[in-house]
Amino acid sequence: FGGGDMGCSSSALPGAAAAAAPALEPEPATVPAGSVGAADAAPARHVTTIMYDFESLEEGRAWYEHFVSGADDGFGETAGAPGCLACVLYRHADSETPTKYGFYEEWDRAESQTAYTKQRSATGFLARWPGHR
């Protein structure tokens, strides 16, 4: 994805000139013995990426507008689900493929994400948008 409505990407936008990245020189680093351990480690997370590619522009727009509108079954439900630590929605920036959307989600553990997906399926939310593949 070239950019996002609720997040961003490091990819250059179509037609934009790419700036040359400065050369990076590694810096010598020393870590005192015993300073990195279980207490210093980041907590484990389950990361999920999801991509939707709708069959038509109209279906994609209808889904997107509903999802970000504040509806009870929209973005807020995903972001507020038990165990969801981060949820970022991306919309494809390329005007030739405006039917593509994506999610980046971080969960406290895989079981939380699985429970959320089962709940979404049971409520019929996923079936409401048959144009996504």
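Apolar share of the accessible surface for the range 46-128: 51 percent from carbon plus sulfur atoms, 1.4 Å probe. Can you check what the net charge comes to around L85, using other residues whose Cβ is under 11 Å from the Cβ of L85 (Lys, Arg +1; Asp, Glu -1)? Its environment carries a net charge of -1. Full extension of the segment from R109 to A127, taken as 0.36 nm per residue of separation minus the current Cα-Cα distance, would add 3.9 nm.
For the range 46-128, the solvent-accessible area of protein heavy atoms averages 54 Å² per residue (probe radius 1.4 Å; ligands and nucleic acids excluded). Measuring from a point 7 Å past the Cα of H46 along Cα-to-C-beta, which residues in the range 107-131 have an amide N at less than 16 Å? Within reach of a label on H46: 107-122.
The values are calculated or read from the model by the stated rules, or taken from the named source; none is laboratory data. All of these numbers come straight from a predicted model, not from anything done at the bench. Heads up, the Cβs are rebuilt from the backbone with ideal geometry, glycines too, and the neighbour counts pull from every protein chain shown. Remember, those area values only see protein heavy atoms, side chains included, never the ligands or the DNA or RNA. Shrake-Rupley method; radii C 1.70, N 1.55, O 1.52, S 1.80 Å.
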